[in-house]
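K.L.:
Supplied in structure tokens, the structure appears directly below.
Quick note: the coordinates plus some simple rules give every number you see, no bench work behind them. None of these values were measured; they are calculated from a predicted model. Cβ sites come from the backbone with ideal geometry, for glycine too, and all protein chains shown count toward neighbours.
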Ligand code: ADP
Ligand code: G6P
């Protein structure tokens with residue numbers, strides 16, 4: 001593909017994900033403030049520079065009025081983003097319900113919440129219907145923006161029906177689907193009433209990607225065991241059609257962190273933090289406030305450490321930066337209260353009039369503040385119970401160029417970090 005000036009033009013790419021890379025906060029009837037969204041999917045794709053890319057995703061907020069929708073669409077267009085507006089009921093059923101109360105816990109081996117599995121089959125069904133409807137809405141927007149030759153890259157568990165809907169529309173469209181979470185063993189996937197439909201819809205893609213070989217293997221064996229299809233070394237075959245399945249571990253834009261550490265505002269912030277915590281070792285946790293991140297377990301382990309090592313009590317501080325996430329889902333609300341309760345108890349037990357052992361912040365930090373914090377940290381604690389590909393561990397390592405900090409990783413993460421560091 002050549003441009004008029006003879007230079008090769010970049011491949012056009014439509015990225016389709018539930019979450020846009022920027023989140024919108026309404027400041028007036030037709031004015032919006034945009035901030036970078038938190039989460040591994042967004043961080044991983046920020047490094048995507050080799051393509052002429054546009055990003056299609058849910059607007060992330062309820063915008064019932066046309067004035068607001070038009071203004072937000074224009075603001076996002078400057079960031080090469082195309083919003084999809086979902087109403088409150090759809091968000092409740094599709095995003096809070098089927099995506100985050102069913103698929104997310106199941107894919108992380110936490111099971112399906114009891115009330116959905118047993119009592120409210122109707123609610124399960126209506127969430128599943130909404131999920132399909134939302135995927136159709138995404139497909140419609142892709143169709144509007146698709147031009148021949150575009151590659152369409154669908155992301156994550158929110159959009160498992162999208163490859164099927166896109167291929168039904170145009171079988172020549174090049175469609176990829178990538179999962180940012182683990183894909184569980186077929187024994188777990190079998191628990192889903194809609195297990196077969198989901199697999200078949202994903203298989204409509206040309207290429208299906210996972211973070212690790214194990215997740216890819218689980219997917220292929222779910223297709224062979226549940227659908228009775230043929231697994232091959234390249235992927236899954238169905239009546240002569242091959243869907244390629246492979247592992248593509250994601251990483252971070254390492255240079256972006258290295259460059260940030262040189263900035264005067266980051267250096268100044270590092271100095272302030274060092275003074276603030278002088279004489280104490282800094283332990284750090286940076287997570288979305290999600291049950292898979294093992295935040296209560298991390299804080300309870302810290303309490304045990306203080307109990308068993310009294311001489312450390314005034315020489316160490318734990319900074320836990322936990323950005324609230326999926327706050328309308330009851331399991332996440334329970335987790336937030338549980339974490340607050342544990343932090344309060346431990347600070348009450350070991351705090352003094354001038355210092356507390358745990359600083360817990362329920363919020364997101366901006367990129368520069370985060371880099372400064374990573375850089376002055378002595379011990380980073382990544383304690384996920386199960387995680388797709390934890391990027392916080394990479395970010396910490398990237399910012400430790402001149403420090404001799406330690407990264408403590410839960411065992412589930414060891415193999416993942418190895419992949420990212422050496423590939
Ligand atoms: P997940 O994919 O589950 O969100 P990852 O560890 O892969 O987890 O990615 C999380 C991303 O979100 C990282 O880039 C991290 O810097 C960012 N993030 C998480 N918590 C915060 C926070 N409290 N403040 C700022 N950024 C955060
Ligand atoms: C994980 C998921 C992403 C999601 C992110 C933040 O990384 O794999 O798809 O965007 O968490 O969660 P949220 O629900 O806020 O988009």
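K.L.:
Counting helices only, and only those DSSP H runs with n ≥ 4, report the 222 nm mean residue ellipticity of the chain as the sum of -39,500 (n - 2.57) divided by its residues, in deg cm²/dmol to the nearest 500. Spell out each step's value before the answer.
P.N.:
Details: 16 runs with 172 residues, N = 423.
Rounded to the nearest 500, the figure is -12000 deg cm²/dmol.
K.L.:
Let me ask something additional. Please report the relative contact order for the chain, taking Cα pairs under 8 Å with a sequence separation of at least 6, and give it as a percent rounded to a whole number.
P.N.:
Working: 727 pairs, mean separation 55.2, N = 423.
Rounded, it is 13 percent for the chain.
K.L.:
For segment 171-221, just list the percent of Cα-Cα distances falling in each 10 Å bin from zero outward, please.
P.N.:
24, 56, 18, 1
K.L.:
So, one more: Looking at segment 15-71 from every direction and averaging, what is the projected area of its Cα convex hull in nm²?
P.N.:
4.3 nm²
K.L.:
To continue, here is another question. For segment 190-344, compute Rg over Rh where Rg is the Cα radius of gyration and Rh is the Kirkwood radius from the inverse mean 1/r over Cα pairs.
P.N.:
My calculation puts Rg/Rh at 1.14.
K.L.:
Identify which of 162, 48, 103 has the largest mean-square fluctuation in a Gaussian network model of the chain, with springs joining Cα atoms closer than 10 Å.
P.N.:
Greatest mean-square fluctuation among the candidates belongs to 48.
K.L.:
Once the piece of chain linking residue 345 and residue 70 is laid out straight, how much longer is it, given 0.36 nm per residue of separation minus the C-alpha distance between them?
P.N.:
94.2 nm
K.L.:
Once all Cα-Cα distances of segment 137-235 are split into 10 Å bins that start at 0, what whole-number percent is in each one?
P.N.:
Answer for segment 137-235: a P(r) of 16, 49, 28, 7 percent.
K.L.:
For segment 264-332, what size does the Cα cloud have along each of its three principal axes, sorted from largest down, in whole Å?
P.N.:
Principal-axis extents of the Cα atoms in segment 264-332, largest first: 40, 39, 13 Å.
K.L.:
Sticking with this one: How large is the direction-averaged shadow of the alpha-carbon convex hull of segment 227-310, in nm²?
P.N.:
11.5 nm²
K.L.:
Stokes-Einstein diffusion coefficient for segment 205-246 at 20 °C in a medium of 1.002 mPa s, Rh from the Kirkwood formula over Cα pairs: what value in µm²/s?
P.N.:
Reported coefficient: 214 µm²/s.
K.L.:
When the chain is fully extended, how far beyond the present Cα-Cα distance does residue 10 get from residue 129, taking 0.36 nm per residue of separation?
P.N.:
Roughly 39.1 nm would be gained on extension.
K.L.:
Please list the radius of gyration and Dmax for segment 14-114, considering alpha-carbon atoms only, with Å as the unit.
P.N.:
Radius of gyration, then largest Cα-Cα span, for segment 14-114: 15.0, 45 Å.
K.L.:
Shifting gears a bit: So how far, in whole Å, is the C-alpha centre of segment 46-112 from the one of segment 174-239?
P.N.:
Spelled out, the Cα-based centre of one part sits 24 Å from the other.
K.L.:
Something else: Can you give me the distance in nm between label points at residue 109 and residue 280, each placed 7 Å from the Cα along the Cα-to-Cβ direction?
P.N.:
3.5 nm
K.L.:
Okay, moving on. For the residue pair residue 337 and residue 242, what label-to-label distance in nm results when each label sits 7 Å from Cα along the Cα-to-beta-carbon direction?
P.N.:
Distance between label points: 5.4 nm.
K.L.:
Right, another one. What Kirkwood hydrodynamic radius, in Å, does the chain give when the mean of 1/r is taken over all pairs of distinct Cα atoms and then inverted? Please list the in-between numbers first.
P.N.:
Numbers: mean 1/r = 0.0432 Å⁻¹.
Taking every pair of different Cα atoms in the chain, averaging 1/r and inverting gives 23.1 Å.
K.L.:
Can you tell me the alpha carbon radius of gyration of segment 309-423 divided by the globular rule-of-thumb value 2.2 N^0.38 Å?
P.N.:
On the way: Rg = 15.7 Å, N = 115, 2.2 N^0.38 = 13.4 Å.
After normalising by residue count via 2.2 N^0.38 Å, the value is 1.18.
K.L.:
Treat each spin label as a single point 7 Å out from the Cα along the C-beta direction, and report the residue 354 to residue 385 distance in nm.
P.N.:
Here the answer is 4.0 nm between the modelled labels.
K.L.:
Would you mind getting me the FRET efficiency between residue 362 and residue 29? Use the beta-carbon distance for r and R0 = 30 Å, nearest 0.05.
P.N.:
Efficiency for this residue pair is about 0.55.
K.L.:
For segment 1-110, give the share of DSSP beta bridges that are antiparallel, in percent and rounded to the nearest 5; count only bridges with both residues there. Don't jump to the answer; show the numbers that get you there.
P.N.:
Working: 7 of 18 bridges.
The antiparallel proportion sits near 40 percent.
K.L.:
Take the chain, connect every pair of alpha-carbon atoms lying under 10 Å apart with a spring to form a Gaussian network, then pick out the residue of 95, 374, 169 with the largest mean-square fluctuation.
P.N.:
169
K.L.:
Per the Cauchy relation, a quarter of the hull surface: what is the mean projected area of the convex hull of the alpha carbons in segment 55-214, in nm²?
P.N.:
10.0 nm²
K.L.:
Continuing with the same structure: Which one, 93, 11, 333, has the greatest fluctuation when you compute a Gaussian network model over the chain with C-alpha springs under 10 angstrom?
P.N.:
Fluctuation is largest for 11.
K.L.:
Where both residues lie in the chain, what percent of DSSP beta bridges are antiparallel, nearest 5?
P.N.:
20 percent
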